[in-house]
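What follows is a short report on a single structure.
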Amino acid sequence: MITMLEIMLVVGAVWMLAAWRAPAWAWMAGSAAYLLLWPVIHSANFWMLLPVWMLVIAATIVFGVPLIRRKLLGKTLLKLFRRMMPAMSATEREALEAGSVWWEADLFSGNPDWHKLLNYKPARLTQAEQAFLDGPVNTLCQMLDDWKITEELHDLPEDIWGYLKSEGFFGMIIPREFGGLGFSAQAHSAVVMQIASRSITAAVTTMVPNSLGPAQLLLHYGTEQQKRHYLPRLASGAEIPCFALTGPDAGSDAAAMPDKGIVCHGVFDGKTCLGIRLNWEKRYITLGPVATVLGLAFKLYDPDHCLGSDEELGITLALIPADTPGIEIGSRHFPLNQAFMNGPNRGHDVFIPMDWVIGGQARIGQGWRMLMECLADGRSISLPALSTGASKLASRATGAYAAVRKQFKTPIGKFEGVAEVLGRIAGNTYAMDAARELTVLALDAGEKPAVASAIVKYHLTERMRKVIDDAMDVHGGRGICMGPRNYLARVYQAIPISITVEGANILTRSLIIFGQGAIRCHPFLLAEMQAAGRNDVAGFDKALFGHIGLLVSNVARAGLHGITGARFARSPVNCEEAAYYRQLTRLSAAFAVTSEAAILLFGGALKRKESLSARLGDVLSNLYLASAALKRYSDQGRQQADRPLLEWVVRDALYQSQQTLFAVYDNFPGGIVAMLLKRILFPFGSTYRPPEDVVLKRAANVILRWGSARERLTEGLFISDAETDPLAELELALEKATVAQPVITHLRKAMQNGQLQPGDPEQCLPEAVTAGIIDERDAGLIRDAIVARQKVIGVDEFPADYWKEKRDSWQNESVPSHRAGRYI
């Protein structure tokens, strides 16, 4: 009995020392105390333990004294590590080191500091930013007719272009000192989100000048002369910018671009000067066909050594007026029936002076780092805002449609199958908006969160795809018939565009989120790699043993959480959602241990295990989205009406993370490591379950009914006050259906009581009035609801010769043969 108790105490002490990352002296003190007590407990001779004492002292000296440890083990361990390190190109290294890490690093550590997350102050718009949303943005949305834009004009109308320029939409990120609006990331995101709920074309046109492009690059890296010249002109719309990165042979692998610049002397403005002669071919460049100034990425070479001894100078960025001789620009692509300007451009022996390089000659060869550092802004703001705006539109419209549309005498939203879909729509939209808000909060705090930006780019565009697909299913025929009344179809068509741009989603998931996150978010791995690259034994030793301590701690903590169900994990709150914080802490620790196992198993080959990397990235992403939802719930005052949405998001994240981790273990080689991880991290197997039907039903009710939760979920969505606007008609129909529902319920009870013949309450109004069951006012409420419903379930019709007229107009137009259907 004493022996068993002794074993339990020793195991408990070791576990506690490991879990709390005790320093070497604490391990030594604990070992010494046990060795001193052992002879007393077992009535043994003290000298029997002399060999053990010597072993403990030797281990303490070797592993506990850094100077000795480095002398004896440092070089050997460094050599082993360098052998495991993957080969890394200069562009890969620049991409890894670009930007910063934020809350995602806490999640990766295995022990997130929830107090830190909740203490981040929620973003608030300034008075000027709110006024811009209430004024110019609202006015712009009223002006937009997306059907006319996409079906008839294939462009924004001239008055819309003029309004965007005059009101400063293209200068949201440009400081006021240069004539811009100087908006926060929160305001920038809110503007794009609201416009996206009205027109994808207008949203893309607005967001591109404020995303990765000339203005952003000039602000961070431009010379003072470049800033003074271009920023005021970009802010006013006098210059329309585009940025040319992608080409036929360089898409996701943009660093492989074949576009070249040669340093040479040439003639510019009648004078001979040092400059660059460029040749390039780019495509998919948004705003390219109407751009007046072209940002260009290219590889620069100096074969004549005009600048120094190096011939290959690296990727460089330049800002070039679009009318410069040798540039071919203006042709358009036609991306999935969207009318925003997008097209190819080419340059043939284009000579530019050296001071057109962004940042001047000092920035030559730094282009890839510049792009990677600025990419976080575009990924964090533009596409997440567009995706969230589209999902808010789908949530509000689909919930209202399901409440109004009837089949089998019942609103379709009451069918369990439809309620399941509506619950997913509402839950996904809540998660998306929460992640959007959390990420722009990081940007406004001065961070450039490289990993978080990849998470929201991938997962918010993918969740938009799910939301819109679900919304189309609920709308049925109403959703697939194109026309001015269809508020979903153009968004549905545009989904693959968001999936593709700013890093194709497949590669973002399989290469970036975990591939970059494992190095950037890990507390020690990047430091180890950098020290190994410098051959810095002391720096490597410090990082390595910090890494080992973290691993031991996470194994102990994750095992304890697995056995206890995370009951002893710390939570920042003492209310209902405390269990969610504890369970996310448990999964964070399990994820950290699993990541370490993957790194140890595969070493440098892990970056080629793309499916495994993608799954680990999914776990990190689910943790990020769930923590964002918890912060949103806290920031908004823990509104109980929002509770079903929070519950769906967190429980779905826990379940999906668990299943994904098991899929990771199934793909580990050998089976022994996978078995050990399952036994330690999930000793009772799969304990997390997906949200039950009742949770989905409660989440669905948020968007099926009028209420504060529905308003919070869809805040920032544009709803026209024009009576003939399809979304306004839908809102009115929901209002009238809600008012009429008590009367319909009363009629159903009358049928059950035998006062009326069984049937459809809407079809027995005269009999009910005659019988005195309801009065004419009540009957009028139901008739008004029927009329409103008939309006919103109607679909567009076109004259029989509509497409013949369009075909004839195309045939009569003179299209230059070298433009029509050219393969590029």
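The values are calculated or read from the model by the stated rules, or taken from the named source; none is laboratory data. Small disclaimer: the values here were computed from a predicted structure and weren't measured. Note that each Cβ is placed from the backbone with ideal geometry, even for glycine, and that neighbours are counted across all protein chains shown. To get the accessible areas, we keep the full protein, side chains included, count just its heavy atoms, and leave off ligands, DNA and RNA. Shrake-Rupley method; radii C 1.70, N 1.55, O 1.52, S 1.80 Å.
Quick notes
- Prolate/oblate/rounded call for segment 726-787, Cα gyration tensor, a/c under 1.5 rounded: prolate
- Taking amide H as placed 1.01 Å from N in the peptide plane, the amide H of ARG405 sits under 5 Å from that of ILE412, each at least 5 places away or on another chain.
- Rounded to whole Hz, the Karplus (6.51, -1.76, 1.60) HN-Hα couplings of segment 695-701, x for glycine and proline: 5, 4, 5, 5, 5, 4, 4
- Accessible area in the full protein assembly, largest first, 1.4 Å probe, for ILE57, ILE497: ILE57, ILE497
- Amide H to amide H, with H built 1.01 Å from N, VAL293 comes under 5 Å of ILE240, CYS242, ALA322, counting only residues 5 or more places away or on other chains.
- Computed on the chain, with alpha-carbon pairs under 8 angstrom and 6+ residues apart, the relative contact order is 15 percent.
- Most positive-pole-ward Cα, GLY347, LEU313, PHE334, against dipole of segment 300-349 from beta carbon charges: PHE334
- Listed cross-link partners LYS392/LYS736; LYS466/LYS609; LYS79/LYS299; LYS121/LYS678; LYS227/LYS448 are compared with a 31 Å cut-off, the Cα-Cα value being larger for LYS79/LYS299; LYS121/LYS678.
- Within the chain, helix-based [θ] at 222 nm, where runs of 4 or more DSSP H residues each add -39,500 (n - 2.57), nearest 500: -18500 deg cm²/dmol
- Cα point-scatterer Debye curve for segment 430-583, base-10 log of I(q)/I(0) at q = 0.10, 0.15 Å⁻¹: -0.62, -1.07
- With DNA, RNA and ligands ignored, accessible area of THR660 (1.4 Å probe; Å², nearest 10): 20
- Computed from backbone phi, the HN-Hα couplings of segment 609-624 come to 8, 5, 5, 5, 4, 4, 5, 5, x, 5, 5, 4, 5, 4, 5, 5 Hz, rounded to whole numbers (Karplus: 6.51 cos²θ - 1.76 cosθ + 1.60, θ = phi - 60°; Gly and Pro given as x).
- The modelled label-to-label distance for the pair THR3/GLN636, using points 7 Å beyond Cα in the direction of Cβ, is 6.0 nm.
- Between VAL769 and ALA13, the C-beta separation translates, for a Förster distance of 60 Å, into a calculated FRET efficiency of about 0.15.
- Ranked from largest to smallest solvent-accessible area, with a 1.4 Å probe on the protein heavy atoms, VAL267, VAL702 come out as VAL267, VAL702.
- The listed residues TRP114, TRP803, TRP147 rank as TRP803, TRP147, TRP114 when sorted by accessible area, largest first, using a 1.4 Å probe.
- In sequence order, segment 366-380 has phi-based couplings of 9, x, 5, 5, 4, 5, 5, 6, 8, 5, 4, 5, x, 5, 7 Hz under the Karplus curve 6.51 cos²θ - 1.76 cosθ + 1.60, θ = phi - 60°, and Gly or Pro positions carry x.
- Estimated distance in nm for a label pair at ASP323 and GLN225, the labels positioned 7 Å out from Cα along Cα-to-Cβ: 2.2
- All lysines inside 16 Å of LYS409 as judged from Cα atoms, apart from same-chain residues fewer than 8 positions distant: LYS749
- ALA26/LEU73 FRET efficiency (R0 30 Å; Cβ-Cβ; nearest 0.05): 0.90
- Probe 1.4 Å - accessible area at LEU550, Å² to nearest ten: 10
- Here the extension length gained between PHE415 and HIS305 equals 32.2 nm, from 0.36 nm per residue of separation less the Cα-Cα distance.
- Dipole axis of the chain (+1 Lys, Arg; -1 Asp, Glu on Cβ), positive-most option in PHE169, ILE512, MET4: MET4
- Percent RCO, i.e. relative contact order, over segment 104-221, from Cα pairs under 8 Å lying at least 6 residues apart: 23
- LYS409 - accessible surface, heavy atoms, 1.4 Å probe, Å² rounded to 10: 100
- Only lysines eight or more places from LYS804 in sequence, or on another chain, were considered; those with a Cα closer than 29 Å are LYS148, LYS791.
- Each listed q (0.04, 0.08 Å⁻¹) maps to a log10 I(q)/I(0) for the chain from the Debye sum over equal C-alpha point scatterers, namely -0.22, -0.80.
- Reachable aspartates and glutamates from LYS806, criterion Cα separation under 13 angstrom, eight or more residues apart if same chain: GLU151, GLU152
- Accessible surface of the chain [probe 1.4 Å, protein heavy atoms]: carbon and sulfur percent: 57
- Two-site FRET efficiency, ALA33 against LEU676, from Cβ-Cβ distance with R₀ of 35 Å, rounded to 0.05: 0.70
- Cα gyration tensor, segment 179-261 - rounded (a/c under 1.5), prolate or oblate: oblate
- The Stokes-Einstein estimate for segment 572-695, based on a Kirkwood radius over Cα pairs and taken at 37 °C with 0.692 mPa s viscosity, is a diffusion coefficient of 212 µm²/s.
- Per residue, in Å², the accessible surface of the chain once ligands and nucleic acids are set aside, probe 1.4 Å: 44
- ALA538 paired with GLU177, simple spin-label distance in nm, labels 7 Å along Cα-to-beta-carbon: 4.0
- Highest mean packing first, where packing is the average number of other Cβ atoms within 10 Å per residue, the peptides 756-763, 457-464, 524-531 line up as 457-464, 524-531, 756-763.
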